[in-house]
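The numbers here are math on the coordinates, done by the rules we state, and not lab data. Every value quoted in this text rests on a predicted model; they were computed, and no experiment measured them. Virtual Cβ from ideal backbone geometry, glycine too; neighbours counted across all protein chains shown.
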């Protein structure tokens, strides 16, 4: 039987940020800049902007300003209404 973890939005947000920080570390070890956020990561980031985990507000806004490709957030937001 497969087990599923049920996570609160706070826990999910921390996982998203942990995964991105790990990505940054891996790319830094290779001497290259982090890749821009993809569509799913951008959608996750938008949700984090709405309800950020405590202490992560500045990092989340920095990701939005510097790691989201131009136009990606507008396309995703307009698709959701």
Segment residue 18-residue 62, extension gain: residue separation times 0.36 nm, minus the distance between their alpha carbons: 14.4 nm
Counting only the backbone N, which residues of the range 34-56 are under 17 Å from the spot 7 Å out from the Cα of residue 26 toward its beta-carbon? 34-42
Take peptides 15-21, 50-56 and line them up by average Cβ neighbours within 10 Å, highest first, as a rough protection proxy. 15-21, 50-56
